[in-house]
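Remarks on the structure that follows.
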Amino acid sequence: MALVLGSFEQAVLVAIMRLQDDAYGRAIFKGVEERLQRDVAPGAVHATLDRLEQKGLLSSKLGSGTPVRAGRARRYYRVKPAGVRALNEARAAVDNIWRGLKWPLVKARSMA
Amino acid sequence: MTIDRPTTLPPAWAESLLRLLLRPEDRDSISGDLLEEYRESIVPVLGATANRWYVRQVASYVLRATWAWGVIVAAICVWRYLLDTLVPIHYTPGVIALRSAVMSWALIATFSGCAGWHAWRTRHLRAGVLLTLIAATIGGYLGMAGRLVCLAISHGPETMAAIEGSGGLFEGFPGAPVQLVIAAFITCIPGAIAGRIAGTAYDWSSANTKSA
């Protein structure tokens, strides 16, 4: 059965795909904030990254630190083929739901 | 007042708490992400109140690690309240009723499980104990809220008599959270020690497997 991705999980995966080789924790939550146009708690993004990695949709490796992080290592993420498949399926499911409707929707006709 | 961004530090206690509750493999990366965000984005915008943002973020990590355990504790407390008010029994002094024993062992298992899980995950004994105390506090207050809702729904003379017969109103309101934290402190330590030992054994066996 295909994995069902929530909208937040999709936003995280899409942010990683967009960032490519620069996809580390802070860059990802900045990317998610930009996409969702709202403040996002870093804890929510870290928890989602952990969950997606456990599902086998992401892989990660430690990189080097920078002075602004007090030298602490960055963890870089990459979307695995299973993650790309899950994103494609999520997008196809949304497209399927919207098929036959013109967007944006106009006011529905009265039932009376 | 000027703020030197690259060297501005968040509250030391909050950063220590964050690092304590993270897995060893995430300790640098997650605390580094928060420190980078704090210095690059938060301090320039919020200035002196940036520390509040940092403390709020750490609190969200603590809550994520403990809320599920707190809900289990609350569920056990509400289950006992419902049993005592819907199916009251006569408690004999000096005799432990089956429901009291079940509740006690369920709480001991929950506290030990919480402490063991977090001590294993973080490889810190202190994290296991501290997070269990927080879970007990959350569970105590959630359970009290749950019992208050039940009491608001049903508060007839029979219910009040059943509450009196099972220890009185004070045992549940507001005494329970304090009792739970004390009980959690006593019962979580063996679980935390077991979790810590299991973590060390796992690391040792993983290192041996890699070197073999």
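Residues in region B:52-62 that are within 12 Å of chain A (Cβ to nearest Cβ) and either touching a Pro at 6+ places or on another chain (Cβ under 9 Å) or in contact (Cβ under 8 Å) with a residue 12 or more places away in the chain (or both): B:Trp53, B:Tyr54, B:Gln57, B:Val58, B:Ser60, B:Tyr61, B:Val62.
Counting only helices (runs of 4 or more DSSP H) wholly contained in region A:12-102, no element carries 2 or more residues that are more than 14 Å from every other protein chain (Cβ to nearest Cβ), open to solvent by less than 90 Å² (accessible area, probe 1.4 Å) and under 22 Å from B:Val58 (Cβ atoms). The set of residues in region B:175-212 that are more than 19 Å from B:Arg121 (Cβ to Cβ), without any contact (Cβ under 8 Å) to a residue 24 or more places away in the chain and among the small types (Gly, Ala, Ser) comprises B:Gly175, B:Ser211, B:Ala212. Of all residues in region B:86-139, which are under 18 Å from B:Gly199 (Cβ atoms), touching a Pro at 6+ places or on another chain (Cβ under 7 Å) and of a type in the set (Ser, Thr, Tyr)? Correct list: B:Ser112 only.
Taking the criterion of being in contact (Cβ under 8 Å) with a residue 60 or more places away in the chain, open to solvent by 30 Å² or more (accessible area, probe 1.4 Å) and under 17 Å from the mean Cα position of the chain (by Cα), the residues of region B:79-112 that qualify are B:Ile108, B:Ser112. Which of the residues spanning region B:18-35 are under 17 Å from B:Ala127 (Cα atoms), open to solvent by less than 10 Å² (accessible area, probe 1.4 Å) and facing chain A (nearest Cβ under 8 Å)? Passing the criteria: only B:Ser31.
Candidates B:Thr132, B:Thr49, B:Thr92: the one that is in contact with a helix residue (DSSP H, G or I) (Cβ under 6 Å, 6 or more places away or on another chain) and among the polar types (S, T, N, Q) is B:Thr132. When restricted to residues that are among the β-branched types (Val, Ile, Thr) and over 13 Å from B:Gly70 (Cα atoms), region B:109-132 contains 2. Working only within region B:38-51, note down all residues that are buried (at least 21 other Cβ atoms within 10 Å of the Cβ) and at the interface with chain A (Cβ under 8 Å from one of its Cβ atoms). Matches in region B:38-51: B:Arg39 only. Given (1) open to solvent by less than 80 Å² (accessible area, probe 1.4 Å); (2) within 22 Å of B:Glu25 (Cα to Cα); (3) at pLDDT 95 or above; (4) not β-branched (Val, Ile, Thr), where does B:Trp117 come up short, assuming only one miss? So the condition that B:Trp117 fails would be (1).
Among the residues making up region B:133-167, a single one is of a type in the set (D, E, K, R) and either under 27 Å from B:Ala68 (Cα atoms) or at pLDDT 90 or above (or both): B:Arg147.
The values are calculated or read from the model by the stated rules, or taken from the named source; none is laboratory data. Worth saying up front: this structure is predicted, and the values here are computed from it rather than measured. Glycine gets a Cβ as well: all are built from the backbone with ideal geometry, and neighbour counts include every protein chain shown. Surface areas here come from the heavy atoms of the whole protein model, side chains and all, with no ligands, DNA or RNA. Shrake-Rupley method; radii C 1.70, N 1.55, O 1.52, S 1.80 Å.
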